Every structure is written in structure tokens, then in C-alpha cells.
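The next block holds one structure in the form of C-alpha cells; read it before the comments.
The values are calculated or read from the model by the stated rules, or taken from the named source; none is laboratory data. The shown structure was predicted, so the numbers you read here are calculated from the model rather than taken from an experiment. Here the Cβ is made from the backbone with ideal geometry for all residues, glycine too, and neighbour counts use every protein chain on show. For accessibility, only protein heavy atoms count, side chains too; no ligands or nucleic acids. Shrake-Rupley method; radii C 1.70, N 1.55, O 1.52, S 1.80 Å.
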Amino acid sequence: HHLHHISNEPIGPIGQQIFHKRLTYLIGPEAQQLFFTAPDEVLSQDECYDFMQAVFGPDVVYDATKRNRQVQFQTMANGLRTSRMKTYVEKVKYETELYFKEHWNLADGETRVVDIFKDMSELTILTASRCLHGDDVRQHIFADLQRLYHDLDAGLTPLTTIWRHAPTAQHARRDAARKELVELFTKVIKERRLYPERSDGTDILSLFMEIKYKDGSSITEEQVTGLLIALLFAGQHTSCITSTWSILYLLHNPAILKRVEEEQKKLNVPTGKKKDALLNEVKLDLDVVNEMELLHNCMREVLRLCPTFIMLLRKALKDIDVTVDGKKYTIPEGDIVGVSPTISMRLESTFPNADKFDPDRYGPGREEHKIPYAYMGFGGGRHSCMGQSFAFMQVKTILSVLFSNYELTPYAKTLPPVNYKDMVVGPDGDCRVTITKKKVV
């Protein structure tokens, strides 16, 4: 069934009402085309995600006026465009090597069991902070940033989506954390304006600081903070979950892991051993990262099997007709319209052997990700993920440093189940892996 109406009056095959809202699901590429191509005046995001204002603060993203949001998104897109990735590879590589040296701290041949989900979570925010906020923030206030981010994150619960200011302890901590973050970044911004030479100008904070709106007004410090929070939220769980699943799926598919390691060996040219080097020094830049095609397709496949969002939502602002399999349906104004990456990317009709981890399905001759409106690892259409190239760069760089320096074997016999209770969906269970440090060449 390509169109599920969820309501008290079942028009389609499923009847159910969520709170006081009617839901219509579009399932399969033909039905999903509408979701990804309809303009905002027809299918709108704002009403579905306005609860995020409690986390991001006023006047940013879904809470901004249309004109101001355009400027904010344009600036975000500039900061995340491919030409800026060159400088980010170096930062992510540096941060990853530092983390492995300091946290894992293994001698050649030494073995340890680590919780890869926990470690990837820590590493993701470290690498993101260096790219988004810059070296000054990463070096001087990172501990505060991490603590406050944690409180913000914990203050986003299923209850928040229907009652964003409900008087709970988690919400109170969230609101206090946002206030403190605004104070923290206001100080950083003021210092940067006094001493511009302290930043190399490549981080996204430096772009946000300069935003001018179309009416001539400048962005406020609170809005800059809100945009930085929004980017961290968009990237933190998603990247950390994707790198974790990529590692776990590869460890449970040794034949593919072997091919990934061969690809790494071919591309990672040693730069020669430095005296007392703790890790293998390899030449890693954006060109090399972009050539990691198999690793790229492994990430794609992990996002197909374990997408981080179970549904994407819009609100119908007018009646909309949709035709599926030659049959016409009308979605009434006021319906919440959803697509489910989790369900749609496991449809056998679109992805044969849908439950099998098979990165070659995106390779030459098959290219299943190119079927229109079928692959939704990064959403799709006019609101597809702006951070897509950043995510590929970040995760591939981290995994490249990892596989160049450690042999990994799974600790648990099977892959952990998926945790569908979380807002951003990740692994639920044993994510430990055994790592052995390779010899420094």
C-alpha cells in the first residue's frame, strides 16, 4: 500500500490517530515524489518542527521569518559547501589522531575492548566543534560546551514535541543551558571582534558572526548561538551513529572489511615515519577522502539499513492530489504528511535483498541510490541535508585514521538491535569492539 491514512476514519488500510492529528504516510518512490517536490506553501516543515525553538532559541531556523531564514540557511550552506571541506579534513584528522593517542593510548600490538558508540560520540563532537566553532572554542571552552550540549540534548524528549515548555526538570536544565551557551558564545564573539587574528576564518562561527539581514539589521549573539546549536544538533547524533554502524557492519561482514582495508592501503600513502610517531602518518586530504568509493558506499548502505530518522514530516496547507499506481488520492488540508526512511529503504521492490548489507548496490551498473525519490539517507528534494558532504568527509576521515592504525574485531556475536525509542535512532545494546594497535610503519 503506497498511501496510508492514519485517522479515525480509515480512508486507506490503516486506522489510527496520533494525539489529535491525522497522519498520511507516503510509501514508495512514486508516492514520495510529492513529499520531496511540493513547495513550502503546500507542504510545510514549520508546523512539524516548531518545538525545536525551545532548544535553538527565538528567531532562528523554524522560528525565523521566511526572509531571515533564507539568509541563515544560505550562510549555513556556504559554510558546508565542498570548497570549505579542504580545511576541515585536516582538522578532523588532527582531532581523531589526538583522541586515539590520548584516550586509547595503546602501544604497538596492544589490545583493548572499547565501547565504540561512546567513543564515536565523544570524537564526533570534538571534530565538529573544531570545524564549526574554531580552534579558540575547541581549546578553551570545550568542556563547558560539552556539558551544556548534554543538558540541551537531554531536554529534547517525546513530550517536548507536544508541550515544549512542560515544567519538567529536564526542560529546566535545557533552558538554563541555552542561556549559559548564549553568554559563552557572546564572550567568544566579542573577543573575536577585538582580536580577529585569533581565528583562521575557516570555521562556521566566523561566517555566522557576519550575517546581515535584507532589512540591513545585523544578526544578534543569541541568534548566532542558536544557529551553532542547530548545526551541532543536526550533525552530532547523525554522524556518531553513522560511524558506529559503519564500523559494526564492517566487522560483521569481514569480506567487505577486507576490501575496505585494501582501498585504504592503496590510498593512504605513508608520509614517512616521524621520530617517536605514535600513529601511522599518512597523507590525507580531500582528494584522497573523495577517492574512498567503497567506504563511501558502505556509509550509504548503513544509512539505508539504519537511517537516523524513522520519519520525516510536513503539514498539508491545502488539499493535495497524489496519484499512485494509476489511482488518485486526495490528502486533505491540515493532515500531517510523513515519509518513513526506515520502511521505504527496505522495500524489496526498490532495493532487492533489502535486508542484506551490500555496498555494491551503489556501484557501477546498479546505482540504486539514483532511483528518483527512493534513497533517503539524507532526506531529499528541496530540504535535503545541507551537511551531506560534511558528514561523508567527517566520518570517512575518522574511519580512515581508525583502519590505518587498528585491527578491529567484533566483541558481541551479533549486531545490536536498533533503538526506535530515541528521537534520533541509533544502536541499542552492546557496541563493544576489540581493537589492536597496528605497528607504526
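Can you name the residue in the stretch 179-233 that is within 21 Å of the chain's Cα centre (by Cα) and open to solvent by 20 Å² or more (accessible area, probe 1.4 Å) and is also nearest to Val71 (Cα to Cα) among such residues?
Per the stated criteria, the residue is Leu207.
Pull up the stretch 314-351, narrow it to residues that are under 31 Å from the mean Cα position of the chain (by Cα) and hydroxyl-bearing (Ser, Thr, Tyr), then point me to the one that is most open to solvent (accessible area, probe 1.4 Å).
Looking at the filtered set, the residue picked out is Ser349.
Across the stretch 411-438, what is the total count of residues that are open to solvent by less than 60 Å² (accessible area, probe 1.4 Å), in contact (Cβ under 8 Å) with a residue 40 or more places away in the chain and assigned to a loop (DSSP other than H, G, I, E, B)?
Here the count works out to 6.
List every residue pair whose Cβ atoms lie under 9 Å apart, where the two residues are 6 or more positions apart in sequence or sit on different chains, the first residue falls within the stretch 350-363 and is modelled with pLDDT under 95, and the second residue, located anywhere, is assigned to a loop (DSSP other than H, G, I, E, B).
What qualifies is Thr350/Gly28; Thr350/Ile371; Thr350/Ala374; Thr350/Tyr375.
For the stretch 324-349, name all the residues that are more than 17 Å from Asp46 (Cβ to Cβ) and in contact with a Leu (Cβ under 9 Å, 6 or more places away or on another chain).
Result: Val324, Lys327, Tyr329, Ile331, Val339, Ser340, Pro341, Ser344, Met345, Arg346.
Here is a yes/no grid of residues against (1) within 19 Å of Glu210 (Cα to Cα); (2) in contact with a Ser or Thr (Cβ under 8 Å, 6 or more places away or on another chain); (3) open to solvent by less than 40 Å² (accessible area, probe 1.4 Å); (4) polar (S, T, N, Q):
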position	(1), (2), (3), (4)
Phe35	no, no, yes, no
Ala38	no, no, yes, no
Ser44	no, no, yes, yes
Glu47	no, no, no, no
Ala54	no, yes, yes, no
Val60	yes, no, yes, no
Asn78	yes, no, no, yes
Thr82	no, yes, no, yes
Val89	no, yes, yes, no
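Kindly provide the set of residues from the stretch 380-397 that are out of contact with any strand residue (DSSP E or B) (no Cβ under 6 Å at 6 or more places or on another chain) and either part of a loop (DSSP other than H, G, I, E, B) or farther than 24 Å from Thr96 by Cα (or both), ordered by number.
Result: Gly380, Gly381, Arg382, His383, Ser384, Met386, Gly387.
Cβ contacts < 9 Å: first residue within 20 Å of Val92 (Cβ to Cβ) and hydrophobic (A, V, I, L, M, F, W, C), restricted to the stretch 261-289; second residue at pLDDT 90 or above and open to solvent by 90 Å² or more (accessible area, probe 1.4 Å), any location; separation 6+ or different chain. Result?
Leu267/Glu291; Leu278/Asn105; Leu284/Glu90; Leu286/Lys86
Give all pairs with beta carbons closer than 9 Å in which a residue from the stretch 300-328 that is farther than 17 Å from Val424 by Cα and free of Cβ contacts under 8 Å to residues at least 12 places away in the same chain meets a residue that is open to solvent by 40 Å² or more (accessible area, probe 1.4 Å) and part of a loop (DSSP other than H, G, I, E, B); count only pairs at least 6 apart in sequence or on separate chains.
From residues that are farther than 17 Å from Val424 by Cα and free of Cβ contacts under 8 Å to residues at least 12 places away in the same chain, the pairs are Lys327/His2.
Considering only helices (runs of 4 or more DSSP H) fully contained in the stretch 66-178, which possess at least 1 residues that are among the acidic types (Asp, Glu) and in contact (Cβ under 8 Å) with a residue 60 or more places away in the chain?
By residue number, 82-99, 135-140, 142-154.
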